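A quick write-up on the structure given underneath.
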Amino acid sequence: MNAGSYLWTRLFRSLLTLFAILLVAFLATRLSGDPTQWLLGDTATPAQQDAMRSELGIDKPIPEQFLRYLRQIVRGDFGTSYFEHRDVLVVLGERLPPTLQLMALAIAFGFALGITIGIVAAVNHDRWIDRALMMITFWMYAVPNFVLAIAMILVFSLWLHWLPSSSYGTWAHAVMPTLALGSSYAALVARITRSSMLDTLGQDYVRTATAKGLARRVVILKHCLRNALLPVVTLVGLVAGSLVGGSVVIETVFAWPGAGRLIVNAVLVQDYPVLQVAVLLVATVVIITNFLVDSAYALIDPRVQYAR
Amino acid sequence: MPGSAVRDRRGSATVGAAPAERLERRPRRRLKIPPVIWLSIGLLAVALIVALLAPLLEPYRPTAQSLRARLVPPVGFGGTLAHVLGTDHLGRDILARLIESLRMTLFIAALGTLIGALVGIALGLLAGTAGGFVDSFIMFLVDIQLAIPFTLAALTVIGIFGTSIAILIPVIGLAGWSQYARLTRGQVLSVRQMLYVEAVQALGGSQRRLALRHILPNVTSPIIVLVTYTFSQIMLLESSLSFLGLGVQPPQMSLGMMVGDGRNYLIGSWWIAVAPAAVLVAITVALALFGDWLRDRLDPRLER
């Protein structure tokens, strides 16, 4: 299979996955029961409920409802929040910027720190500094994010009074959420960078570069790192999904006004339209990210096997 | 996935469950276990024993409240031996709650891991041996699963069906199935290239016999390693959900829920959150150490 048809197959699979998730999301909202009860309250008469049902279109057969649902989604109509009585896209849209900000910070922190640790550890392979760094990354990876968050609040907010324990606004508010969310990715990136650097450090072209008298810094940064970063790039696609899960927890701990807290709250008050649009959005982002990463990978490295 | 005969032979020889050992009878290498790993295994064993014997070890009923002994600090921080690890805001003994929570957390994680592993291995075997449409469909399900983050999927199901242990366990268990399915399928595809598989087919062995008697035993060692990873993943998923108040519900308790409860009393009564958090960290760290060591032992290909 050549790269072009691989990408088409991959695109088709991505779209199919997205469609299946739409179907699941649709069926899930139907399973969640009769929304007229929440929308109208206990005092509604059966006639009012019937009117509401036909207005919402949930008195029709399921396949017809699904088609209607798809039409609505194509038009950008994802429904109204049961509790805020506003378009869910607006509700979610308001909460996205803080979440994206937090994720961007966590990814930037994770990759900057991780790649640095990875390089330093690989260059000093099997010396004490390598072992110490690997020990640190091990702990960063093993400690659950909410435990890390609690520990940081205890130390930096309550004992040392250096940082505010919650809320949003200045950079000081962002420090602990970023560290809590990003540290496990830093650890992951560090380990992958290290092992991939060790691979490239042993390559012939690296020895050639050293032999022809290039500075060690140039060899490491230009010859090794650029090739070693490929597996690290793939990681972005895998991380995209789990970052969402992490930010749900971290936003709740630090009272960060983002989409993660919105989702937790939607579960608590059973605001299904909000929950549904959040799931669809995250799934779409993950699917697109993975598609882009796979495509980039296939285009960058012609040796990638296209068949699964 | 590149096939590796050496790995599968060696792996199963160490596990001691595969026919390969019977054929070769190689002298068993002496297993040298480093002290850190002994420590991890010891810690995990203690946790398991404590969880199993929980009702016998709890100094108080974990739900018993005592309004006169509220927010008592642990021994060494102004507390008495009556409550070794102190009490919470309702005067409930932290040690008793810790033991009960450990039991619940390990129970959910064990059952969840079992469900995920069984479903995943079965589907992976099916995909790898059947091939064709079945394979594509199962891998398609894996794609769907991978597109929705675990936490979000679990939250959605909990949002729809409510919070109860009977729903929580299968939901978080299924979070791990795709990893087992992918691993098993990949292993099956590489083992299928082996000569002995061809031999079984030539002798007229059925597909089922081939999958269960000849392929499954040869894919056990990477699966054992995966179990140690998914066990702690599932434990953390349950802990995160319970921490948010969306997992285990009172009067039952779990470690994550205790940390979540303690979060509101960090000022002044830090021990309520710190005690369960410490136990959680100890178990995940021990599991990770043990898992890494096991992987290096069973899977020489991955040695770093």
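Of the DSSP H helices in chain B, those that are both long (alpha-carbon extent of 30 Å or more along the helix axis) and hydrophobic (Kyte-Doolittle mean at least -1.0) are B:94-130, B:220-243, B:271-298.
The mean sequence separation of alpha-carbon pairs under 8 Å and at least six residues apart, normalised by the residue count of chain A, gives a relative contact order of 26 percent.
Rounded to the nearest whole angstrom, the semi-axes of the ellipsoid equivalent to chain A, taken from the Cα gyration tensor as √(5λ), stand at 45, 28, 12, largest first. Taking every residue in B:273-279 and counting other chain Cβ atoms within 10 Å of its Cβ, the average works out to 3. Taking the charge dipole of the protein assembly as shown about its Cα centre, with +1 at Lys and Arg Cβ atoms and -1 at Asp and Glu Cβ atoms, the residue from A:HIS173, A:PRO61, A:TRP139 reaching farthest to the positive side is A:TRP139. The rule of thumb for compact globular proteins, 2.2 N^0.38 Å, goes into the C-alpha radius of gyration of segment B:68-192 1.57 times. Taken about its Cα centre, chain B carries a charge dipole of about 960 debye when Lys and Arg each add +1 at the Cβ and Asp and Glu each add -1 at the Cβ.
Please label the shape of the protein assembly as shown as rounded, prolate or oblate, based on the square roots a ≥ b ≥ c of the eigenvalues of the alpha-carbon gyration tensor (a/c under 1.5 means rounded; beyond that, a/b larger than b/c means prolate, else oblate). It is rounded, given that a/c, with a ≥ b ≥ c, falls under 1.5. In the assembled protein chains, B:VAL46 presents an accessible area of approximately 90 Å² (probe radius 1.4 Å). For the pair B and A, the buried accessible area comes to roughly 3600 Å² in total, with a 1.4 Å probe and the value rounded to the nearest 100. Summing charges over neighbours of A:PHE146, with a neighbour being any other residue whose Cβ is under 15 Å away from its Cβ, gives -1 when K and R count +1 and D and E count -1. Largest to smallest in accessible area, the residues A:ASP59, B:ASP261, B:ASP93, B:ASP135 fall in the order A:ASP59, B:ASP261, B:ASP135, B:ASP93 (1.4 Å probe, all protein chains included). Each Lys and Arg contributes +1 and each Asp and Glu -1, all at the Cβ; summed about the Cα centre of the protein assembly as shown, the dipole is approximately 2380 debye. Note on A:LYS212: lysines with a C-alpha under 20 Å away, same-chain residues under 8 apart excluded, are A:LYS222. When all protein chains stay in place and ligands, DNA and RNA are ignored, the 1.4 Å accessible-area order of B:LEU298, A:LEU188, largest first, is A:LEU188, B:LEU298. A full extension of the chain between A:PHE66 and A:LEU31 corresponds to an added length of 11.3 nm, given 0.36 nm per residue minus the alpha carbon distance.
The overall shape of segment A:168-308, judged from the alpha-carbon gyration tensor, is oblate: a/c is not under 1.5, and a/b is no greater than b/c.
Model label points for A:VAL218 and B:GLN252, set 7 angstrom from Cα along the Cα-to-Cβ axis, are 6.5 nm apart.
From the Cα gyration tensor of segment A:65-146, with a ≥ b ≥ c the square roots of its eigenvalues, which class applies: rounded if a/c is under 1.5, or else prolate if a/b is larger than b/c, or else oblate? Taking the square roots of the gyration eigenvalues as a ≥ b ≥ c, segment A:65-146 is prolate.
Summing Cβ point charges (Lys, Arg +1; Asp, Glu -1) relative to the Cα centre of chain A gives a dipole of roughly 1460 debye.
Each listed q (0.16, 0.25, 0.26 Å⁻¹) maps to a log10 I(q)/I(0) for segment A:121-202 from the Debye sum over equal C-alpha point scatterers, namely -0.69, -1.09, -1.14.
The values are calculated or read from the model by the stated rules, or taken from the named source; none is laboratory data. Please read these numbers as outputs of a predicted model, since none were measured by experiment. Quick reminder, even Gly has a Cβ in these numbers, built from the backbone with ideal geometry, and neighbours come from all protein chains shown. Please note that ligands, DNA and RNA were not included when accessible areas were found on the heavy atoms of the full protein model with its side chains. Shrake-Rupley method; radii C 1.70, N 1.55, O 1.52, S 1.80 Å.
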